[in-house]
Amino acid sequence: MRTTTWLTLSALLAATPALAQTPALAGKPASASESPEQATIRKLNAYVGLLNRTLRAQESLIRYQSWVNMKSGPTGRERIIYGLYSLYDVRGEIAKAEAAMSQSPAMPELDSAMKGYIAAYQALAPTVTEAEGYYERQDYRTDKMEQGKALHSKLAVAGPTFQAERAKVDALFRIEKEKSDMAELAAIEAREGRKARWHVANVMIEARKVMGLLPTDAKPVVDMPAFNAALARYGTAVKDMDGFSAANPNSFHVFEGRPRSLLGKLREFDDKLAKAKGDARRGAGRDVTWIVNDYNTMVSTAQTATMFSR
């Protein structure tokens, strides 16, 4: 299945599990002329940068948990010893996220959670790095897994703490992201009405909500009522966009067929999930990769969807 990768926010709100940073807002200091929507996007982009880059720690823990008995720890007699993944240098991302905490608009719960998340990451990272080197060198062959057991005692504490802090940040980020989405959608409507750009943004907002409910390695059982409700809203958004396109030919460049194609795949996936009572491990999980790939293609085409319309 998948781990959760946040996408950077785009000016069209086209992004989510893998997007490019908005050039006008990436890595620049805030300006007095910045709109409230731009300020929100800037702040959330700083958090997204850190969340995406530190996802490697989550992936490393999952790799470790795949071969180690987390209750008893490594013994050296495991059939396969995979070790852990090395981590990325995230000092720059941490500095940007820390600076964003004090910037407007204030997001008290998310700002506080990001502080806790950074602390949890910094507590975990040195042990992951040390363990990754230990297993890469295969030192366990010479010390009879002595250091591996000592490292496990640290990972067994710092790992769950980090994962809990990440889950907290993910949930709070979704709330702030949805507020940002709706504010930007309203701004587009105020400027232009419900025309092409509004439909692209609306479809992407509803698509992101569905994608956020897909099963992950950490949460393989889907909340079916929530998933079905989000899927229904996305279906309505796609139908509305198709209606606008029929009345206004050539309004969308390349993008036009992507939302309904994704909708079809999601509805097929929904049928499989229903039969499995929401548990993606019972066969339906194999479809997630293809759905995510289609969605990421839709994200890419959404960013230029109205540039070449006639």
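The values are calculated or read from the model by the stated rules, or taken from the named source; none is laboratory data. This is a predicted model, so every value here is computed, not measured. Note that we place each Cβ from the backbone using ideal geometry, even for glycine, and neighbour counts take in every protein chain shown. Side chains are part of the model used for accessible areas, which takes the heavy atoms of the whole protein and leaves out ligands, DNA and RNA. Shrake-Rupley method; radii C 1.70, N 1.55, O 1.52, S 1.80 Å.
Could you state the number of Å between the C-alpha centres of the range 198-233 and the range 247-310?
So the two Cα centres are separated by 11 Å.
Quick one: helix 91-101 against the long Cα principal axis of the chain, what's the angle to the nearest 10°, folded into 0 to 90?
60
Using a 1.4 angstrom probe with every protein chain in place, what is the largest-first accessible-area order of Thr304, Thr142, Thr40, Thr54?
Reading off the accessible areas and sorting them downward yields Thr142, Thr304, Thr40, Thr54.
Hey, what angle do you get for helix 224-247 against the long axis of the chain, alpha-carbon based, 0 to 90 degrees rounded to 10?
The angle comes out at about 40 degrees.
Among 56-68, 78-90, how do they line up by average Cβ neighbours within 10 Å per residue, starting with the highest?
56-68, 78-90
Give the accessible surface of the range 198-310 per residue, rounded to a whole number of Å², with probe radius 1.4 Å and ligands, DNA and RNA excluded.
In whole numbers, the range 198-310 has 47 Å² accessible per residue.
When the helix-only estimate is applied to the chain (DSSP H runs of n ≥ 4, each -39,500 (n - 2.57), divided by the residue count), what is the mean residue ellipticity at 222 nm, nearest 500 deg cm²/dmol?
That calculation yields -22000 deg cm²/dmol at 222 nm.
Heavy atoms only, probe 1.4 Å: what % of the accessible area of the range 119-162 goes to carbon and sulfur, would you let me know?
52
In whole Å, how far is the Cα centre of the range 114-189 from that of the range 41-111?
The two parts, judged by their Cα centres, are 3 Å apart.
Summing +1 for each Lys or Arg and -1 for each Asp or Glu, what net charge is found among the other residues whose Cβ lies under 12 Å from the Cβ of Ser66?
Combined, the nearby Lys, Arg, Asp and Glu give -1.
Please enumerate, by chain and number, the aspartates and glutamates with C-alpha under 18 Å from the C-alpha of Lys195, excluding those fewer than 8 residues away in the same chain.
Asp181, Glu184, Glu206, Asp240, Asp242, Glu256
In the structure displayed, which of Lys239/Lys265; Lys177/Lys239; Lys209/Lys239; Lys71/Lys219; Lys71/Lys115; Lys154/Lys209 lie more than 26 Å apart, Cα to Cα?
Lys71/Lys115; Lys154/Lys209
Relative to the longest principal Cα axis of the chain, at what angle does helix 36-65 sit, 0 to 90 degrees, rounded to 10?
Rounded to the nearest ten degrees, it is 40.
Using a 10 angstrom cutoff on alpha carbons, build the Gaussian network for the chain and name the most mobile of Ala246, Ala196, Ala276.
Ala246
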